[in-house]
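Colleague: The structure is given below, and queries will be raised subsequently.
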Amino acid sequence: MKLRVAHTPDADDAFMFYAMMEGRIPLDFEVEHIIEDIESLNKRAFQENIEVTALSVHAYAYLSDRYRILSAGASVGDGYGPIVVAGDGIELEGRRIAIPGKYTSASLYLKLAVSDYEPVEMRFDRIIDAVKSGEVDAGLLIHEGQITYERHGLVKVLDLWEWWKEKTSLPMPLGVNVISRKVPEELQKKFLKAMQDSIEYALKNPDEATDYAMKYSRGMDFETTKRFAMMYVNEYTYKMPENVVKAIETLFDMAEERGILKKPPLDILF
């Protein structure tokens, strides 16, 4: 069977999928490789035309009846996460803030942390320029923008990791890989094993995996790309531990309390 497998054009996703996509591990199935930004994948998941996809944890709340979470492949922040930047140290209440899509997990964390602002949706890679030009007052950064914003003369005004850590003392769940419930159970398990093997290969051969990820580095040098990739491909990525499961539950509990969404049942394939 051929599986359509989608991930984002980002160094961390490329790093973890490298061995699977480049034939470094054996596969019992064919793969059709799809690459789109995370909000596009979030929206495509509603159409159910991809068997396996990267998905924001936030988006899963609306798609739990169609997809299962894979215990391998999660992007989890621990000591870092999405940030809000501006040209100077402004207050965020009532401001126009660029967000990288309404279904992104970063946007959910921002909703929980800041009660009153005007969200302006745009592609994640436009946000820094939008802040610099004054199109928006501030911008919510994901991906490599979290470690490159200072090169653009911007300052951090809110660290959502620090906010989350203070509230929960848990790691910060951001993205997951999910698999369609239409895929037979046996094949779901085969894919999960292949995902774990691909992640393990990358972690054991980080320079080789980084060479591949460089095509998605968007101007970062090799060492910065490797650093970024290994921020989000870590011990949580190979197999989701109990504290990450608890963190996802806690995030959904907080969002339901605020009336943002209805907490979904968690179905994680281990």
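Since every read-out is calculated from the coordinates, none of them should be taken as a lab result. It should be emphasised that the depicted structure is a prediction, and the values quoted were computed from it without experimental measurement.
Colleague: List, in order, the whole-Hz ³J(HN,Hα) value for each residue of the stretch 2-10 obtained from phi through the Karplus relation with A = 6.51, B = -1.76, C = 1.60 and θ = phi - 60°; use x for Gly and Pro.
Modeller: 9, 10, 7, 10, 10, 9, 8, x, 10
Colleague: Have a look at the stretch 83-168 and give its Rg and Dmax from the Cα atoms, expressed in angstrom.
Modeller: Looking at the stretch 83-168, its Cα Rg and Dmax stand at 11.5, 35 Å.
Colleague: Can you list the DSSP H helices in the chain whose Cα atoms extend at least 24 Å along the helix axis and whose mean Kyte-Doolittle hydropathy is 1.0 or higher?
Modeller: Correct list, ordered by number: empty.
Colleague: A further question follows. So what J values fall out for the stretch 75-84 if you push phi through Karplus, 6.51 cos²θ - 1.76 cosθ + 1.60 with θ = phi - 60°, rounded to Hz, Gly and Pro as x?
Modeller: 3J(HN,Hα) across the stretch 75-84, in whole Hz: 9, 10, x, 8, x, 6, x, x, 9, 10.
Colleague: If the reach is capped at under 16 angstrom between alpha carbons, list the lysines near Lys190, excluding any in the same chain fewer than eight residues apart.
Modeller: Lys2, Lys182, Lys239
Colleague: According to the square roots a ≥ b ≥ c of the eigenvalues of the Cα gyration tensor, what is the shape class of the stretch 20-98, taking rounded for a/c under 1.5, prolate for a/b larger than b/c otherwise, and oblate for the remainder?
Modeller: Prolate is the answer for the stretch 20-98, as a/c is 1.5 or above and a/b outweighs b/c.
Colleague: Using square roots of five times the C-alpha gyration tensor eigenvalues, list the equivalent-ellipsoid semi-axes of the chain in whole Å, biggest first.
Modeller: They are 29, 22, 16 Å, listed largest first.
Colleague: If you don't mind, there's one more thing I want to ask. Any idea what the relative contact order of the chain is, in percent, if you count C-alpha pairs under 8 Å spaced at least 6 apart?
Modeller: About 31 percent, as a whole number.
Colleague: Shape verdict for the stretch 119-270, please, from the Cα gyration tensor: rounded (a/c under 1.5), prolate (a/b greater than b/c) or oblate.
Modeller: Oblate, because a/c is 1.5 or more while a/b does not exceed b/c.
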